[in-house]
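Here the structure comes first, spelled out in structure tokens, and everything after it is commentary.
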Amino acid sequence: MKEFDLLKQIYASSKGQGNSITIGPGDDMGEIMVTAGKLLVAVDQLVLGRHVAFETAPELIGRKAIARCFSDIAAMAGTPRGSLITACLPSGIPEIDEDWAIRVFNGAREVAALWGGPIFGGDIATCDDAPPIFSVTAVASPPESGAIRRIGSQEGDYLCVTGELGNSQESHHLTFIPRINEAQELNKDLGDHLHAMIDVSDGLGRDASHLASDDLQLVIDTASIPLRGGASSDQALSEGDDYELLFTTSKLPEHELVSVIGRVVSRTTGSKSVINEHGDDLSTMGWEHA
């Protein structure tokens, strides 16, 4: 695979991305026009063999690389503005050729533009002793009221989640749509009552622990967890790759996709950050990245 030839094809297919992209792929840096103020920036990696199987369709690989990073934008109720993608591709593997790489990029480019954050730059390198690795950097603008953080939960808050959880490996993790619109709707409807939010990527139990604090504990009613495709509550708590929104609010949301699954309570010294209705520790249920 010749890097320059591959880049030329990517550059040629990246023209006409709209007025906000003033310098697209092909220069030392991309340039994006924004209004004065703060920008949200997130970066995430996708590693073949870990986050997706090697036999996954290339277009879906590119799609997930973008989607999982844009899910972070949703978690802060932001609006996508642009994105960058890099690839480290092994040489000497017949299946990982120029056509395969272009198909990955096209899958990424299509959804990035569709969701409002077109790709406007990136880089390609080779890595002979590693699997293909894709890195996406997403740029977004926060809501006028300020980005929704993981911190901010208050005693008495409802713990809520969008959509369904569990059994994501069946197909959901490759086809989900980041909850960008839903997050903005919730932020608009709940206003100051929306206190903290995160996307569920590493498992409900572990991700919920990020919304707790030294003084506050989350109690999850496992029977209230909305389950996807016959998944068990243990799968929903631990499997991850759901990319749904988990948030705390002092006002009951009226959104049709939202389920109330618990409450925020005062935390006693030595108690766990997330427990179920029986007091069992849920805070370690999920993926821990080494």
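For this structure, a couple of remarks:
- The lysines whose alpha-carbon is closer than 24 Å to the alpha-carbon of residue 188, local same-chain residues fewer than 8 away aside, are 38, 251.
- Net charge of Cβ neighbours under 14 Å - reference residue 254; Lys, Arg +1; Asp, Glu -1: -2
- The 3J(HN,Hα) values that the Karplus relation (6.51, -1.76, 1.60; θ = phi - 60°) gives for region 69-74 are, in residue order, 6, 5, 5, 5, 4, 4 Hz. Gly and Pro appear as x.
- In the chain, helices alone account for a calculated mean residue ellipticity at 222 nm of -7000 deg cm²/dmol, with every DSSP H run of four or more residues adding -39,500 (n - 2.57).
- Summarising the label geometry, the points placed 7 Å from Cα in the beta-carbon direction at residue 181 and residue 126 lie 4.4 nm from one another.
- Remark: relative contact order (the chain) = 21 percent; criterion is Cα-Cα distance under 8 angstrom and separation of 6 or more residues.
- Under 29 Å from residue 8, Cα to Cα: lysines that are on another chain or at least 8 residues apart: 64
- Note on residue 47 and residue 151: the extension gain reaches 34.5 nm, defined as 0.36 nm multiplied by sequence separation minus the Cα-Cα distance.
- A simple spin-label model places pseudo-atoms 7 Å from Cα toward Cβ; at residue 260 and residue 272 they are separated by 2.4 nm.
- Spin-label model distance (nm) - residue 31 vs residue 19, 7 Å beyond Cα toward Cβ: 1.7 nm
- Vicinal HN-Hα couplings computed from phi for region 229-234 (Karplus, 6.51 cos²θ - 1.76 cosθ + 1.60; Hz; Gly/Pro x): x, x, 5, 8, 5, 5
- Annotation: the residues 281, 44, sorted from fewest to most other C-beta atoms within 10 Å of their own C-beta, follow the order 281, 44.
- Annotation: amide H of residue 261 within the under-5 Å range of 159, 160, 161, sequence separation 5 or more or interchain, hydrogens built in the peptide plane.
Values quoted throughout were computed directly from the atomic coordinates according to the rules given, and no laboratory measurement underlies them. Just so it is clear, the structure is predicted and the values come from calculations on it, not from any experiment. So basically every Cβ, Gly included, is an ideal-geometry build from the backbone, and we count neighbours across all protein chains shown.
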